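Colleague: Before we start, here is the structure in question, set down as structure tokens.
The values are calculated or read from the model by the stated rules, or taken from the named source; none is laboratory data. No experiment lies behind these values; they were computed from the predicted model shown. Positions of Cβ are backbone-derived with ideal geometry, glycine not excepted, and every protein chain shown enters the neighbour counts.
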Amino acid sequence: MVVCKATGVSKRYGEVVALDNMNFSLQESEIHYLVGVNGCGKSTLCKIIAGVVAPDAGELEIEGVPVSLMSPNEAKRRGIAVVYQELSLIPQLSIEENIMLGIEPREKSLGLVDRKASTETALHYLGYFKNVLPLDEEYVKQTVADLPIDEQQIVEIAKALARKPKIIIFDEATASLHKQQVDAFFSILRELKSVGVSTIVISHKMEEITEIGDRVTIMRSGKLVNTVAVKDVTGDQVIHMMVGDKELLERKRAHMDFKDVETVFQVNGLTGKRIRDVSFHLKKGEILGLGGLQGQGQTEVLLALFGSIPFEAQSVELGGKPVDLSTTVKAMDHSLAYISGDRKKAGVFSERPIFENIIISSLIKFNRKVFSRKRMNEEILPLLSQIRTTFGKLSDPANSLSGGNQQKIVIGRWLMTKPAILLLDDSMKGIDVGATKEFYDIMHTLCDAGMSVIWHSSEDLELLNNTDRVLVFDSGQIVDELVGERLNEVELYRAALDSRKKHIAVE
Amino acid sequence: MKNSSLTLRKVRLGFRNPTVIALFLCFLILLIGNLVSPGFASFGLIVNILVVASFVGLVSGGQFLIILGGGNGLDLSVGRFVTLGAIIGGVVSQKQDSKLILALLAVMVATFLLGLVNGVGVTHFRIPPLVMTMSMSIVIIAIIRFITGGIGVPGASKLLQKIITGKVLGIPGILYIWILFAVFLHYLMNNTTFGVKLMAMGTNDYAARLAGVKVKRLRTLLYGFSGMIAGITGFLYLGYLSSVYNISLGDKFTLISVIAVVVGGTSLGGGKGTYIGVAIGAFLLQLMESFLVTIRIDQSMRQVLFGTILLVIIFMYGREQKMQN
Ligand SMILES: Nc1ncnc2c1ncn2[C@@H]1O[C@H](COP(=O)(O)OP(=O)(O)OP(=O)(O)O)[C@@H](O)[C@H]1O
Ligand SMILES: [Mg+2]
């Protein structure tokens with residue numbers, strides 16, 4: 001049975017065509033992947049189904065009944081729940097309050113919120129993640145603002161589940177999750193499927209499709225390319241349909257030997273919040289990975305080196321000379337750049353024009369007090385097209401861009417500062433396969449020209465394929481270093497988990 | 001056909017833009033005013049209203065910068081800075097044209113430094129802007145009492161009066177000053193790194209820091225600028241009034257500067273707004289006031305009406321912003 005059907009849906013934003021005569025249909029209890037490059041209209045289609053965006057043309061049917069005017073409330077009533085790409089939790093409220101918002105259980109006598117039942121329900125829906133979260137009553141009382149982004153994403157998922165939907169849309173819900181969390185998420189998808197719930201999943205992680213998808217719909221430039229059963233296609237075919245005739249760069253980094261190359265960056269005894277006595281060196285042109293389980297201090301190391309969180313160190317040397325990296329501006333003066341994948345919190349200035357978003361850091365770094373917009377545009381436009389950013393006008397606000405394109409703006413901002421040492425922190429989050437490969441290539445080219453990179457990624461393959469050496473982190477410490485032969489998944493997992501086993505053995 | 005629907009859409013979009021709403025209201029009041037009392041929209045009267053609006057507009061410029069900078073920024077001491085500027089100006093210049101520059105410098109230095117104190121309190125000691133700047137108001141009164149010792153203050157020198165009220169092409173000097181100020185602020189916000197940093201900070205404090213903005217320093221500076229702009233306005237105001245007859249002379253500027261900024265479409269959350277909007281807001285407020293006077297609404301009723309209209313406007317904007325989100 002078709003539970004949701006969109007026919008001939010179109011939507012424009014000024015000059016930008018987000019959807020162009022798009023057709024889509026969702027079967028009962030299927031897991032339906034929706035894929036396409038950044039800005040092809042995936043989120044827009046979902047927003048139309050959820051009633052938050054009104055289409056310019058086209059029809060929508062839910063369970064065979066035409067809906068003329070879908071509103072968010074109407075969608076909720078018909079059992080549609082959405083986990084949006086840009087998280088929409090209320091940061092001041094607790095995890096529990098966010099999950100139960102608007103559906104709080106009431107006690108019989110006075111109709112007050114039944115706190116106990118509310119906590120229980122919240123815990124129940126978070127329960128799928130019990131292996132990856134310290135679940136208890138205290139946990140759900142925490143304020144959402146204090147959570148790392150992956151846990152916020154999980155709360156958002158639980159919130160959607162708590163609404164007991166019949167159709168549920170996950171817009172890049174796995175982008176911020178690491179491996180174990182994704183596995184828990186998949187078990188949710190399977191369970192939903194078994195009780196007849198239909199799901200639409202948007203993701204740029206192609207391997208997910210074959211692992212769990214039933215059907216996949218491929219979009220390009222707001223149009224439907226094809227909807228096919230997953231078992232009938234290969235991942236490469238899907239990618240090919242996504243990008244059209246554009247050729248994909250396929251280049252794995254040939255892990256180079258940096259023994260005789262000069263060291264550009266040397267850190268000894270770095271210590272701080274969640275960082276314990278970290279020492280490492282970085283060679284000129286080298287790409288150094290920071291791996292291990294998620295949240296083991298990798299992000300903190302990058303933030304400390306970028307002057308954003310306080311730290312102590314025996315020595316920090318750049319090109320053999322001790323340097324002071326205690327503030328972000330000082331770090332920038334030494335040509336460091338940090339690109340966060342958490343674009344909403346740490347990257348994008350959403351209401352400000354694309355133009356300002358992209359030039360701000362280079363203006364600061366090169367100490368330019370005034371600028372001419374026209375001259376700046378000439379600098380920006382080639383860069384934007386090189387990183388495959390689709391946008392209307394440079395004066396449009398950044399939040400008019402699709403999620404992936406917003407992230408590209410943040411990357412562009414830092415490429416413009418011509419960094420000597422680039423700190424990447426899950427920087428490719430939300431960016432489509434084609435553009436991601438483009439970035440890898442840009443990165444490798446810049447490294448050949450002498451730039452060095454310290455790269456933290458929650459995707460192990462991204463790390464292994466693009467780095468020369470990986471430092472494995474556990475509880476804020478470096479527990480292993482992988483080079484050459486040992487740069488593979490098995491070694492990485494073993495190293496990441498090994499020290500844990502020892503801990504358990506001692507206890 | 002397609003074209004006309006596009007224009008229609010543009011018009012409708014325009015009405016979501018607070019600046020356009022404010023401008024529209026200006027025309028509406030002028031129109032009704034002229035019907036009720038012919039001559040209300042005459043060149044002479046409009047110029048007079050603009051002159052009064054210019055002082056509000058200047059003070060609002062500083063307020064605008066602070067509000068844009070985010071962090072719940074607000075400067076409720078601007079009114080007192082206006083008074084202080086007028087008094088230091090009068091005392092230092094002693095009605096002598098030759099001491100005018102010296103007086104202006106004295107005003108600028110004093111008010112900038114006091115403004116910085118506001119900034120340091122807000123950014124380094126984390127005192128809420130509301131509390132900090134209100135306290136500063138009290139401090140400034142004490143300073144004023146100390147300077148004047150309770151005796152009257154010398155008025156403006158001849159040259160200052162001439163600069164402010166003297167007309168070129170039928171337009172008083174102060175309006176040229178206002179226009180220059182507006183052009184300067186517009187340039188500042190659109191073509192300088194300062195403007196980009198300010199807007200970024202107002203939109204997303206944390207991301208701004210990671211992009212290389214020295215957030216604390218910049219925010220502290222803003223309070224210095226706001227104090228200084230208000231001080232200079234007070235100095236110019238002296239030329240308009242020719243003498244300081246009352247030490248609460250600047251008080252009315254405090255709230256009205258905030259209102260002009262909001263009515264002009266600047267979001268109180270920071271990071272969004274234009275000075276052109278603020279200037280139109282300042283004009284609209286003065287226009288409303290004159291209109292209410294013209295139709296002989298008495299003082300107390302005027303304030304009630306004024307307040308109501310403002311509430312309506314602010315609600316309208318609030319709704320717009322929610323809808324956009
Ligand atoms: N509110 C808006 N105003 C203007 N343009 C918009 C708006 N929302 C989306 N767009 C444009 O519509 C197009 C489709 O955007 P959409 O968010 O649907 O892309 P997407 O497929 O989800 O991409 P991504 O993978 O990057 O998330 C983009 O070019 C985007 O710039
Ligand atoms: Mg999207």
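Colleague: State which residue is nearest to the other protein chains (Cβ to nearest Cβ) when the search covers only region A:9-42 and only residues that are within 12 Å of ligand 1 (Cβ to nearest atom), of a type outside the set (A, V, I, L, M, F, W, C) and closer than 11 Å to A:M219 by Cα.
Modeller: A:D20
Colleague: If you don't mind, another one. Mind listing whichever residues of region B:193-205 are surrounded by 19 or more Cβ atoms within 10 Å (Cβ to Cβ) and in a helix (DSSP H, G or I)?
Modeller: If the condition is that a residue be surrounded by 19 or more Cβ atoms within 10 Å (Cβ to Cβ) and in a helix (DSSP H, G or I), then B:T193, B:G195, B:V196, B:K197, B:L198, B:M199, B:A200, B:M201, B:G202, B:T203 are the ones that fit.
Colleague: Collect the residues in region A:333-356 that are within 8 Å of another protein chain (Cβ to nearest Cβ) and either small (G, A, S) or closer than 22 Å to A:G319 by Cβ (or both), keeping them in residue-number order.
Modeller: A:Y338, A:S340, A:A346, A:G347, A:S350 - these are the residues of region A:333-356 that are within 8 Å of another protein chain (Cβ to nearest Cβ) and either small (G, A, S) or closer than 22 Å to A:G319 by Cβ (or both).
Colleague: Follow-up. So A:L34 fits all but one of (1) over 20 Å from A:N73 (Cα atoms); (2) touching a helix residue (DSSP H, G or I) at 6+ places or on another chain (Cβ under 7 Å); (3) outside any strand (DSSP E or B); what number is the exception?
Modeller: (3)
Colleague: I've got another one for you. Take residues that are free of Cβ contacts under 8 Å to residues at least 24 places away in the same chain and tell me which of the helices (runs of 4 or more DSSP H) falling wholly in region B:74-192 contain 3 or more.
Modeller: Correct list: B:100-123, B:129-148, B:173-191.
Colleague: Restricting attention to helices (runs of 4 or more DSSP H) lying wholly within region A:404-507, give those where 3 or more residues are free of Cβ contacts under 8 Å to residues at least 12 places away in the same chain and of a type in the set (A, V, I, L, M).
Modeller: A:489-506
Colleague: Can you confirm whether region A:445-455 contains a residue that is surrounded by fewer than 21 Cβ atoms within 10 Å (Cβ to Cβ), more than 15 Å from the chain's Cα centre (by Cα) and either among the β-branched types (V, I, T) or closer than 24 Å to A:T390 by Cβ (or both)?
Modeller: Looking for residues that are surrounded by fewer than 21 Cβ atoms within 10 Å (Cβ to Cβ), more than 15 Å from the chain's Cα centre (by Cα) and either among the β-branched types (V, I, T) or closer than 24 Å to A:T390 by Cβ (or both), one finds at least one in region A:445-455, hence yes.
Colleague: Does A:A175 satisfy the condition of being touching a Lys or Arg at 6+ places or on another chain (Cβ under 7 Å) and in contact (Cβ under 8 Å) with a residue 40 or more places away in the chain?
Modeller: For A:A175, the condition - touching a Lys or Arg at 6+ places or on another chain (Cβ under 7 Å) and in contact (Cβ under 8 Å) with a residue 40 or more places away in the chain - is met.
So that you can scan it fast, the table gives a plain yes or no per residue for (1) crowded, with 18+ Cβ neighbours inside 10 Å; (2) within 14 Å of chain B (Cβ to nearest Cβ); (3) within 16 Å of ligand 2 (Cβ to nearest atom):
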site	(1), (2), (3)
A:A173	yes, no, yes
A:H178	yes, no, no
A:R190	no, no, no
A:G196	no, no, no
A:V201	yes, no, yes
A:H204	yes, no, yes
A:T210	no, no, no
A:G213	yes, no, no
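Colleague: Being touching a Phe, Trp or Tyr at 6+ places or on another chain (Cβ under 6 Å), at negative phi and within 16 Å of ligand 2 (Cβ to nearest atom) narrows it down to one residue among A:V83, A:V53; which is it?
Modeller: A:V83
Colleague: So is A:D432 buried (at least 19 other Cβ atoms within 10 Å of the Cβ), within 12 Å of chain B (Cβ to nearest Cβ) and at negative phi or not?
Modeller: No; evaluated as a whole, the condition is false for this residue.
Colleague: Run A:G51 past the list (1) in a strand (DSSP E or B); (2) in contact with a Pro (Cβ under 6 Å, 6 or more places away or on another chain) and report the number of the one that doesn't hold.
Modeller: Of everything listed in (1) in a strand (DSSP E or B); (2) in contact with a Pro (Cβ under 6 Å, 6 or more places away or on another chain), A:G51 misses just condition (1).
Colleague: Output the number of residues of region A:398-420 satisfying the condition of being within 16 Å of ligand 2 (Cβ to nearest atom) and within 14 Å of chain B (Cβ to nearest Cβ).
Modeller: Number satisfying all stated conditions: 7.
Colleague: Need pairs with beta-carbon distance below 9 Å; first residue at the interface with chain B (Cβ under 10 Å from one of its Cβ atoms) and within region A:368-385, second part of a helix (DSSP H, G or I) and among the aromatic types (F, W, Y); sequence gap 6+ or separate chains.
Modeller: Note: pairs meeting the criteria are A:K369/B:F194; A:V370/B:Y187; A:V370/B:F194; A:R373/A:F355; A:M376/A:F355.
Colleague: Inspect all residues belonging to region A:26-37 and state whether any of them is at pLDDT 90 or above, crowded, with 19+ Cβ neighbours inside 10 Å and within 12 Å of ligand 2 (Cβ to nearest atom).
Modeller: Yes: one or more hits.
Colleague: Okay, next question. Considering region A:421-433 alone, what residues qualify as being within 15 Å of ligand 2 (Cβ to nearest atom) and of a type outside the set (A, V, I, L, M)?
Modeller: A:K429, A:G430, A:D432
Colleague: Hey, another quick one. In this structure, is A:P397 of a type outside the set (K, R), under 24 Å from the mean Cα position of the chain (by Cα) and modelled with pLDDT under 95?
Modeller: yes
Colleague: Checking B:L159 against (1) surrounded by fewer than 20 Cβ atoms within 10 Å (Cβ to Cβ); (2) closer than 29 Å to A:E356 by Cβ, which test does it fail?
Modeller: Against the list (1) surrounded by fewer than 20 Cβ atoms within 10 Å (Cβ to Cβ); (2) closer than 29 Å to A:E356 by Cβ, B:L159 comes up short only on (2).
Colleague: So, one more: Please specify each residue of region B:196-214 satisfying the condition of being within 8 Å of chain A (Cβ to nearest Cβ) and touching a residue at least 12 places away in the same chain (Cβ under 8 Å).
Modeller: Within region B:196-214, B:K197, B:M199, B:A200, B:T203, B:N204, B:V213 meet the criteria.
Colleague: Hey, another quick one. Go through B:T193, B:T220 for me and flag whichever is over 18 Å from the mean Cα position of the chain (by Cα) and within 14 Å of another protein chain (Cβ to nearest Cβ).
Modeller: B:T193
Colleague: Could I ask something else about it? Given the criteria under 22 Å from B:V59 (Cβ atoms), surrounded by 18 or more Cβ atoms within 10 Å (Cβ to Cβ) and either of a type in the set (A, V, I, L, M) or within 7 Å of chain A (Cβ to nearest Cβ) (or both), does B:L185 qualify?
Modeller: Considered against the rule, which asks whether it is under 22 Å from B:V59 (Cβ atoms), surrounded by 18 or more Cβ atoms within 10 Å (Cβ to Cβ) and either of a type in the set (A, V, I, L, M) or within 7 Å of chain A (Cβ to nearest Cβ) (or both), B:L185 comes out as yes.
Colleague: Taking into account only those residues within region B:229-253 that are surrounded by fewer than 24 Cβ atoms within 10 Å (Cβ to Cβ) and not in a loop (DSSP other than H, G, I, E, B), which is modelled with the highest pLDDT?
Modeller: Across region B:229-253, the extreme among qualifying residues is B:Y240.
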